[in-house]
Amino acid sequence: MNILTFDTEEWFNYAQMDGKKGDFLPDVDRVQNELLDKLDEHQIKATFFVLGVVAREYPYVVKNIAARGHDIGCHSDVHKKLWEFDAEQLKKDTQESLDSIEQLTGQKVTEYRAPAFSIGKKNVWALEVLAENGITVDCSIFPGVRDFGGFPEFTSSEPCLITHNGIALKELPISLAAVCGRKLAYSGGGYFRILPYWLVKKLVSEHDYNMIYMHVHDFNGKQKRIISARYFKNYYGNRTSMKKLGRLLTDFDFTNVRNAVESIEWNSCKKIEL
Ligand SMILES: [Zn+2]
């Protein structure tokens, strides 16, 4: 099963930009349409995890995603990492985001991905807040170590059922590959841009479950670049990534979170009590 997802956010939604647009080119406004055209070309319906602030600033973009038959999930309200919240603040953030998105699409949003995979061992309680606010499917768990976030203690890289403090969620975690003794997030947008296509293809072929997570900015080769320690990771390959995505969509079939959830035999999946 190959699931294709995009986190729909802007550079300036990231914490280091402090929400300031400055002279950044919007990614969502322009690149999003190119992405939707590419998906249409390959007749693929993906899942877009949208920020509440994106729904408010670009309502036509979110309406367009829904109108073209894609699945919409929630990516929090303003891309604040969840460990910065207490339970009450997370509840408010989640409700604001869900309201902003649902008002545009008229459809209930039940899928969630935390910004920067910011649910880990120390804030498992966040899953409880999400479930209490109508989320039934979570895609926030990155079962390995990363620069930000991650949940290395989590024991599944495949769909599983999570229970915690009386709540239950269907979890579609990020799929990682063991390469040279390290867990590699080959299915993420950054690695997709950096790794040669033959290796991406090999790793996707070798796994029964692939959760692909990309960002709209992975496809914006015209974006202003900021010099930082993450320069290479942030920008490498973003001028050729759309073409590379075309190859991936030609070589593999993809589904979205909604359809994946319907087709998975949840009773035979691993059950994890957190
Ligand atoms: Zn994000």
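Nothing in this text is a laboratory measurement; each read-out follows from the coordinates by a stated rule. Keep in mind that what you see is a predicted model, and the values were worked out from it rather than measured. Every residue, glycine as well, gets a Cβ built from its backbone with ideal geometry; the counts of neighbours run over all protein chains shown.
Computed quantities for the displayed model
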{"quantity": "Extension reserve of the Thr250-Lys38 stretch, reckoned as 0.36 nm per residue once the Cα distance is removed", "calculated": "75.2 nm"}
{"quantity": "GNM flexibility winner over the chain from Val261, Val28, Val204 (Cα, springs under 10 Å)", "calculated": "Val261"}
{"quantity": "Convex hull of Cα atoms in the chain, direction-averaged projection (nm²)", "calculated": "13.5 nm²"}
{"quantity": "Of Asn210, Asn123, Asn220, the one that fluctuates the most in a GNM where the chain has Cα springs shorter than 10 Å", "calculated": "Asn123"}
{"quantity": "CD proxy at 222 nm, helix term only [per DSSP H run n ≥ 4: -39500 (n - 2.57); per residue of the chain; nearest 500]", "calculated": "-10000 deg cm²/dmol"}
{"quantity": "Farthest toward positive dipole pole in the chain [+1 Lys/Arg, -1 Asp/Glu at C-beta], among Leu130, Tyr186, Ile212", "calculated": "Tyr186"}
{"quantity": "Entries in Lys92/Lys183; Lys243/Lys271; Lys92/Lys270; Lys45/Lys170; Lys45/Lys243 that, when Cα-Cα distance is taken, lie over 27 Å", "calculated": "Lys92/Lys183; Lys243/Lys271; Lys92/Lys270"}
{"quantity": "Burial ranking of peptide ranges 129-142, 237-250 (average Cβ count within 10 Å, highest at the top)", "calculated": "129-142, 237-250"}
{"quantity": "GNM flexibility winner over the chain from Ile101, Ile65, Ile167 (Cα, springs under 10 Å)", "calculated": "Ile167"}
{"quantity": "Length-normalised contact order of the chain in % [C-alpha pairs under 8 Å, at least 6 apart]", "calculated": "23 percent"}
{"quantity": "Of every Cα-Cα pair in the stretch 93-162, the percent that sits beyond 20 Å", "calculated": "31 percent"}
